[in-house]
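Here is the structure we will look at, set down as structure tokens.
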Amino acid sequence: MSATYRDALRAALLYLVLSVVWLQFSGHLLNSFFDNSTELLRWQLINGYLWVAFSAGLIFIARARLFRCLGVGAKLRERSEDRERLRQAAAVFDCTREGVLVTDSKGLIVHVNRAFMEITGYQREEVLGQRPNMFKSGHHPPAFYQEMFATLDGTGEWSGEIWNRRKSGEIYPQWQTIRIVRDEQRQLSQYVAVFSDISAIKNSEHELKHLAHHDPLTTLPNRLLFTDRVEQALASAQLHKRGCALLLIDLDHFKMINDGLGHTIGDQLLKAVAERLKALLDPGITLARLGGDEFAVLAESCPQLVHAGSLAQRIIDDLREPLHIEGHRLFINASIGISLFPSDALSAEQLLRNADSALFKAKSAGRDGYALYTEELTAHAQQRVEIGFELRRALEQQELRVYYQPVHDLKSSRLIGVEALVRWQHPQRGLVSPAEFIPIAERTGLIAAIDAWVMRQACEQMCRWQAAGVALSFVAVNVSSRLFARRELYQQVAQVLRETGLDPAYLELEVTESAVMDDPEVALEQMHRLRELGVRLAIDDFGTGYSSLLRLKRLPVQKLKIDQGFVAGLPGDEDDAAIVQVIIALARSMGMQVHAEGIEQVEQARFLLEQDCNLGQGYWFGRPVADEQLNWAHAPEIR
Ligand code: C2E
Ligand code: MG
Ligand code: MG
């Protein structure tokens, strides 16, 4: 063994004992030594053992400095392991498929790896020195980031799903882990974020979910998803006290088409039916295919059975139109069963079951029709749906009439004005009351045409009376609450006045209290515009809504009409008497006229006169009649 090696061995033994001690002293000197000899060090790292030779060489050359050289050797080894670890880490860092981003303690990006660039689309130099919030997607609320930093501060680590933005602008999901790195003094030195792009996973998750919840033929929701939607809808309907309707649609004699023309045509027919229904139904309505030739519809805002009935009728009519499939002209009819929430059932399962028995009823009744779960409702709904359809025809064929009811001045008993009230002269059913068809007209949208027609008739009639020398102070027409909030009302009134030539001061518009108070700000604006036209405004059925006195005071209204419900109890019912007195006092204090409707007995008229009510209307004075039957005579003296 050469002297060199003996020395080296001895040195190694001593190294074991003393290296720890020595390292404590070597401090700066060694550090500066390494820092100045990086090249040499690297070379030695590649050839693992050569550092020994290097130390030994030094020992050999300068025994006196043995300890120091040993120390150098020890530190050198430690350093080389660190470097090796770093080199490995750097290789891993660059090869890993996860994106890695490192920021300094101030949050400025100091490192990113290759995967980062591939995932985000940014080059290294574009992001170094920037802050990671440059990748923010806007998908998360500020609270999300606050919580993330709170967790990081508390535990030193956060992981979770986060949506960020690529350089292309695309938003994508990441699974990200962020860790705080602290230095020897426990001070925050870096943040390291490791993330993977999980958009592919999300997409396949989404596809799987879609497959599990949708019918592959029509892409409509399947029974599973539909039942889920019904459950959600019922929970929300319960909360908001709304009604819902569930319709089960079954195609009549579909089996014959399927068996006769083959399954391919059958499938195409089902697809075509799905498309047709999708086009017919409003976006808020859920359509599903439950299986076979059975479809289902969930109408979440269906307050009354008449809505469900007319929806069913629309579906039936729509499906009656022939379908053209591969050269075949196919006719298909449908039967529909309807179940309503909350009147028929309170749970999704029960609702579906009831709709199913209603469907059975519709089929037993000869198919190509609908049935409600409750029998008497079916007839009622069908009648109302029929009215809806007939009403359109009535308007075109001039079956509507305007009747006029006299309004008298209570002090003088003089006939001072009239209220125009619409009637429907039905060819079979006789004179139909507006109480029956106005609500249907409001729902079917026909109300605008009806009110415009009545207003025109009333203004023309008033012009004729004026021409004949009849001195009436006003003709009052009712304005549906559905129209009151619409801008067209102003244009419509202006147009009728212009075309009929009636002085606006003779036209009075009656608006119900609830229409005004539903949206007081809009009502106020609308009323001011109407007032600018010069027409008079009255609040109808006063006392039935929830007026705010403050709001009432601001309304440019000339008249309050006390609802007939309060007049009915006069003068005996103390509550009615008290309410009527208050309304009269209120109207008087605001400088408005008071008009009582529904006066059937002279005692009622007398009480009202004593309370200083101005005007009266009711069967005691006269019923609503056609213009030629109006009695122009003064009413009998009230006192
Ligand atoms: P309304 O505007 O409050 O009209 C007063 C209603 O009370 C009328 O019913 C009238 O015939 C009835 N009436 C009058 N005097 C008496 C009485 O002494 N005793 C009883 N029991 N009833 C009396 P009608 O004509 O059936 O109208 C009902 C409602 O239909 C009206 O209530 C009004 O809200 C609405 N309406 C009538 N015509 C129209 C119209 O052209 N357009 C709109 N949008 N609604 C109308
Ligand atoms: Mg009225
Ligand atoms: Mg009224």
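Descriptive notes on the structure:
- Qualifying position, being within 12 Å of ligand 1 (Cβ to nearest atom) and out of contact with any helix residue (DSSP H, G or I) (no Cβ under 6 Å at 6 or more places or on another chain), among E513, E488: E513
- Cβ pairs under 6 Å, 6+ apart, first in the stretch 583-598 and without any contact (Cβ under 8 Å) to a residue 12 or more places away in the chain, second within 16 Å of ligand 3 (Cβ to nearest atom) and assigned to a helix (DSSP H, G or I): none
- Pairs where the first residue, in the stretch 474-502, is within 24 Å of K561 (Cβ to Cβ) and the second is of a type in the set (S, T, Y) and at pLDDT below 95, C-beta under 6 Å, 6+ apart: S481/T512
- Residue within the stretch 544-559 that is assigned to a strand (DSSP E or B) and either of a type in the set (D, E, K, R) or in the same structural domain as R486 (by TED's automatic domain parsing) (or both) present: yes
- Neighbours by Cβ (under 6 Å, 6+ apart or cross-chain): first from the stretch 527-546, in contact (Cβ under 8 Å) with a residue 24 or more places away in the chain; second more than 10 Å from ligand 3 (Cβ to nearest atom) and aromatic (F, W, Y): R529/Y490; G543/F566
Residue-by-condition table, conditions (1) more than 16 Å from ligand 2 (Cβ to nearest atom); (2) of a type outside the set (G, A, S); (3) assigned to a helix (DSSP H, G or I):
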residue: A578; (1), (2), (3): yes, no, yes
residue: Q581; (1), (2), (3): yes, yes, yes
residue: V594; (1), (2), (3): no, yes, no
residue: E600; (1), (2), (3): yes, yes, no
residue: E603; (1), (2), (3): yes, yes, yes
residue: D612; (1), (2), (3): yes, yes, no
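- Selection status of L552, within 16 Å of ligand 1 (Cβ to nearest atom) and surrounded by 20 or more Cβ atoms within 10 Å (Cβ to Cβ): no
- Being among the hydrophobic types (A, V, I, L, M, F, W, C), surrounded by fewer than 17 Cβ atoms within 10 Å (Cβ to Cβ) and at pLDDT 85 or above is a property that holds for L395.
- G572 vs. criteria surrounded by fewer than 19 Cβ atoms within 10 Å (Cβ to Cβ), more than 26 Å from Q491 (Cβ to Cβ), assigned by TED's automatic domain parsing to the domain that holds A605 and more than 16 Å from ligand 3 (Cβ to nearest atom): yes
- Pairs linking a residue in the stretch 185-208 that is closer than 21 Å to G129 by Cα and of a type in the set (S, T, N, Q) to a residue that is in a strand (DSSP E or B) and at pLDDT 85 or above, with Cβ atoms under 7 Å and 6 or more positions apart or on different chains, are S189/V181; S189/R182; Q190/V102; Q190/T103; Q190/D104; Q190/V181.
- Screening I438 on (1) away from ligand 2 (no atom under 16 Å from the Cβ); (2) more than 27 Å from W632 (Cβ to Cβ); (3) outside the structural domain of K553 (by TED's automatic domain parsing) shows it passes everything except condition (1).
- Yes/no for G565 being within 15 Å of ligand 1 (Cβ to nearest atom), under 23 Å from E513 (Cβ atoms) and of a type outside the set (A, V, I, L, M, F, W, C): yes
The values are calculated or read from the model by the stated rules, or taken from the named source; none is laboratory data. Remember, predicted model here, so these are calculated numbers, not experimental data. Backbone-built Cβ (ideal geometry, glycine too); neighbour counts: all protein chains shown.
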